[in-house]
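Data first, discussion second: the structure below is written as structure tokens.
The values are calculated or read from the model by the stated rules, or taken from the named source; none is laboratory data. Predicted, not measured: the structure shown is a model, and the values here were computed from it. In this analysis, Cβ positions are derived from the backbone assuming ideal geometry, glycine residues included, and neighbour counts consider all displayed protein chains. The protein model used for the area step is the full one, side chains on, heavy atoms only, and it has no ligands, DNA or RNA in it. Shrake-Rupley method; radii C 1.70, N 1.55, O 1.52, S 1.80 Å.
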Amino acid sequence: MRKSLLTLSFCTAILMPFTTCQNVFASTTPNMQRTIKYNTPSPIQHTPIFAEFHQQNGMDSFNQTLWENYLIDPENDQSLNRLFAEQIKANLAQIEASSNMSEEEKQKFRNMANIREPDENDINIYKKLLEAQKYDLGEEVKKDQSKANDLIIEAMDLNSFDAMELLGIRLMHQIGSTEMQKEAIDLLSIFADHPSNADSIGAYWAYVAYAYAYGVGRPENQETALKYWKKAHYLYSMQIDPTGFIAYMMGQMIENQKFLNHPIEDAMQYYKMSANEDNPAAQQAVLRLLKSNKKFDELTYEAELFMAEHKAAKKEKDAFYTLSELYAQKEWDIYNPEKSIEYLNQAIALGHDRALLDLARYYEHGHLVKADPAKAVELYKKSLEQGNPTAGILLVNLYENGAKGFKADAKQAEIWRKKATKLYKELGYGDVLPKADEIRLFHRMY
């Protein structure tokens, strides 16, 4: 998740000198790049955390988010690094006049404020990565992830450390592929182990910590894992974590690796940060901790703070929806049907794509509200009209089978079946509308 930490002390750590990165490439990468093989069979092993995360979060959406963070047009650069450099440049006179900084510290800021304009090499790197993105996501070309990875390597050949980190992360998420994950850790370790990067901020700290903690791509070694994990934990508040995966992984490691010796409350905080990025896996981890641990009997998802965080990220509808779920848990002290429905209606008002369907189901089954099938029908129709095919399936089911206090109506069932089937086909799901008991309804923990 992007952090707006425009502080001078932070800026001293975030910008790694470009010449250092060139030295990293010159000394470590040529042989490695030639050894990565994408189309050869690889031994398979279970990859904890990654497997659980991607059961809930699809790879396509994960890759899309990665590209949004790593693919930066050098001629229209609005990246965090450039924004910080511009911020420093604007405050350079104040820095020069400061009596609390040494000349060495001031020189660091002068170097950071010296914004390098893009050259032909930067533009060529961008073109390589742009083409890689097209093959990776299947945009205008046939989807080919091996081709995408080859193009990322070509960008690495042009001394792109962004491409190098991107490739390492992509390979790490090839769940269960031992060979690729070893290559991933080889790449990410180049960053983590280079002396110039001791206080640099990057995803590599957490991934390398994971590798040693779980023996994935590296021999299992708790002492080494702890060293990297402490660095990841120390720097996370300044970390750019657009997919929320790093926060989820940090929380999981706290829960499962006792040698880290961190309280469960820290795991909850990481899960909350990951949940803010709309990660179902993290949201379920929050719900699980609330349900299973007495330390969280009271609502630790402080509503006002939670709303403030989401409002800043322009994700109020997601905040309302998640708060509705939290207050809907019957087994917990925080259970409050009225608050749950209140937040759900606010999510609906802001256009949350799932909230309206949930409210319709509540009225059909009498969950949190008094059962009212007629009201459910009204809401199912509205949800269908907004493009939700599941609402159409459940609406047809109600008309076909009726419910307590609601008569079946074969004529209306046929009318709405045609409308729902039309949408179902337009969305590419098939020509035949499934029956209600054949579909997998959205998962909710209640």
### Task
Collect residues whose amide H, placed 1.01 Å from N in the peptide plane, falls under 5 Å from the amide H of Ala403; neighbours closer than 5 in sequence don't count.
Ala408
### Query
Using just the C-alpha positions of the range 97-224 as equal point scatterers, what log10 of I(q)/I(0) does the Debye formula give at each q in 0.10, 0.15, 0.16, 0.19 1/Å?
-0.45, -0.84, -0.91, -1.08
### Accessible area (Å², 1.4 Å probe, nearest 10) - Asp186
30 Å²
### Task
Would you mind getting the accessible area per residue of the range 189-233, heavy atoms of the protein chains only, 1.4 Å probe, in Å²?
39 Å²
### Summary
Note, Leu137: beta-carbon cut-off 13 Å, +1 each Lys/Arg, -1 each Asp/Glu, net -2
### Query
Do any of Lys382/Lys418; Lys317/Lys425; Lys381/Lys407; Lys143/Lys182; Lys134/Lys382; Lys143/Lys419 go past 27 Å between their Cα atoms, and which?
Lys317/Lys425; Lys134/Lys382; Lys143/Lys419
### Task
Check each of the trypsin sites (Lys or Arg not before Pro) in the range 87-163 and keep only those in coil by DSSP with at most 13 other C-beta atoms within 10 angstrom; list them in order.
Arg116, Lys142, Lys143
### Task
Counting other Cβ atoms within 10 Å, keep those with at most 16, restrict to DSSP loop, and tell me which GluC sites (Glu not before Pro) in the range 312-396 are left.
Glu331
